[in-house]
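Visitor: Have a look at this one.
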Amino acid sequence: MRERTVGRSGLVVGCVGLGTLTWGRDTSHEEAHGQLEAFVEAGGNLIDTSPAFGRGASEATIGELLDVTVDREDVILCTRGGFTEGPAGMRFGAGRGPILDSLRASLERMNTTYVDVLLVAAPDPLAPDEETASTLGWLVDRGLVRYVGIQGYAAWRGAVLCERLRAMGLPLLTVAEQEYSLLHRGVEEEIVPMADHLGLGIFASSPLGRGVLTGKYRHSIPPTSRAASEHLAAFVRPYLEEGSRRVVEAVARAADGLGRTPADVALSWTVDRAGISAAVVGARTTSQLQSVLSKVAPLPDLVVDALDDVSSPHS
């Protein structure tokens with residue numbers, strides 16, 4: 001697997017990260033073990049998780065596997081901060097209390113003393129950016145977090161947080177994580193230029209269009225797929241509309257012509273977009289993951305141009 005530095009930092013990750021959205025819920029401990037083992041054997045190191053994935057089940061599964069399946073030092077753990085349990089369930093905040101409480105619980109679940117990357121999962125309409133910034137700096141200074149980043153921020157709000165950190169003499173943001181695929185290219189308008197200007201890398205989530213770009217939904221909804229899952233159907237449904245069909249068919253045609261799979265073509269397209277440090281993929285089975293990881297390679301320029309054209313938001 002190709003390695004890349006994340007933005008202008010010293011953090012090095014494999015170009016494909018392992019998503020754990022369903023771990024501990026739809027993905028069993030045994031299947032997670034197989035996926036993690038296959039991922040590391042393929043040269044991967046970035047594991048992407050969140051306290052919100054299964055309300056901590058994903059992080060807990062990772063904690064059970066670390067130093068059993070792989071050594072802690074061989075992986076880059078990326079999780080979100082600011083999620084806490086309240087009387088009404090899980091809630092989010094980017095103030096000092098929610099971030100500190102969230103990270104403390106994440107470290108305990110994952111059985112580790114630090115996380116490599118902590119993402120602020122969203123801007124907080126109540127907590128000032130100065131409070132968020134000082135909290136992130138405190139965590140880095142104490143070695144609980146090595147790098148900090150953002151997710152779900154508008155470009156202007158991310159730039160503001162960067163400037164707050166800079167003005168306060170604190171460690172700067174390293175990465176922005178955003179959904180990015182042939183079915184979701186809005187990130188190119190403002191997030192990619194912002195990241196380039198400020199020296200941030202980008203972790204592209206859902207590069208397979210929430211599974212739709214694999215072609216599995218071209219004719220029906222498989223009963224074991226996410227679109228058939230009670231708690232993930234709404235996540236997939238937006239990409240099952242007619243507007244996505246043209247892109248999915250173009251990917252399938254490109255795959256046929258190249259002797260590759262649609263998943264491989266869609267992932268390879270995202271991996272090689274400007275500014276991308278890693279594309280984060282989740283898989284239902286170990287064999288699916290191995291299939292994707294074994295074939296990620298640059299696409300011919302003519303194929304890239306054709307896919308760019310058919311998937312353009314302005315086409």
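Visitor: Cβ-Cβ under 7 Å, sequence separation 6+ or interchain: first residue in region 142-170 and at pLDDT 95 or above, partner of a type in the set (Phe, Trp, Tyr). Which pairs?
Guide: That search, which allows pairs on different chains as well, returns Gly143/Tyr114; Leu144/Tyr114; Val145/Tyr114; Arg146/Tyr114.
Visitor: Could you list all residues from region 8-33 that are crowded, with 19+ Cβ neighbours inside 10 Å, in contact (Cβ under 8 Å) with a residue 40 or more places away in the chain and in contact with a helix residue (DSSP H, G or I) (Cβ under 8 Å, 6 or more places away or on another chain)?
Guide: Cys15, Val16, Leu18, Thr20, Leu21, Thr22, Thr27
Visitor: Among the numbered criteria (1) modelled with pLDDT of 95 or more; (2) in contact with a strand residue (DSSP E or B) (Cβ under 7 Å, 6 or more places away or on another chain); (3) open to solvent by less than 50 Å² (accessible area, probe 1.4 Å), which single criterion is violated by Ala122?
Guide: Against the list (1) modelled with pLDDT of 95 or more; (2) in contact with a strand residue (DSSP E or B) (Cβ under 7 Å, 6 or more places away or on another chain); (3) open to solvent by less than 50 Å² (accessible area, probe 1.4 Å), Ala122 comes up short only on (1).
Visitor: Filter region 127-154 down to the residues that are part of a helix (DSSP H, G or I), open to solvent by 10 Å² or more (accessible area, probe 1.4 Å) and within 22 Å of Ile202 (Cβ to Cβ) and list them by number.
Guide: Asp129, Val140
Visitor: Which of the residues belonging to region 174-218 are assigned to a loop (DSSP other than H, G, I, E, B) and under 16 Å from the mean Cα position of the chain (by Cα)? Explain how you work it out, then say what you get.
Guide: Taking region 174-218 as the starting set, the residues that turn out to be assigned to a loop (DSSP other than H, G, I, E, B) are 174, 180, 182-183, 185, 189-190, 199-200, 206-208, 215-218.
Thr174, Tyr180, Leu182, Leu183, Arg185, Leu200, Ser206, Pro207, Leu208, listed by residue number.
Visitor: Looking at Ser220, Ser229, can you tell me which residue is polar (S, T, N, Q), under 28 Å from Val303 (Cβ atoms) and modelled with pLDDT under 85? Spell out how you get there, then give the answer.
Guide: Values: Ser229 fails: under 28 Å from Val303 (Cβ atoms).
Result: Ser220 is the single residue among Ser220, Ser229 that is polar (S, T, N, Q), under 28 Å from Val303 (Cβ atoms) and modelled with pLDDT under 85.
Visitor: Pick from region 290-315 the residues that are more than 19 Å from Gly257 (Cβ to Cβ) and not in a helix (DSSP H, G or I): which of them is most open to solvent (accessible area, probe 1.4 Å)?
Guide: By that ranking, first place goes to His314.
Visitor: Would you say Gly95 is within 15 Å of Leu118 (Cα to Cα) and surrounded by fewer than 18 Cβ atoms within 10 Å (Cβ to Cβ)?
Guide: Answer is yes for this residue.
Visitor: Name every residue in region 54-93 that is part of a loop (DSSP other than H, G, I, E, B) and within 19 Å of the chain's Cα centre (by Cα), in order of residue number.
Guide: Selection gives Val75, Gly82.
The values are calculated or read from the model by the stated rules, or taken from the named source; none is laboratory data. What you see is a predicted model; the values in this text were computed from it and never measured. Note that each Cβ is placed from the backbone with ideal geometry, even for glycine, and that neighbours are counted across all protein chains shown. With ligands, DNA and RNA removed, areas are computed over all heavy atoms of the protein, side chains included. Shrake-Rupley method; radii C 1.70, N 1.55, O 1.52, S 1.80 Å.
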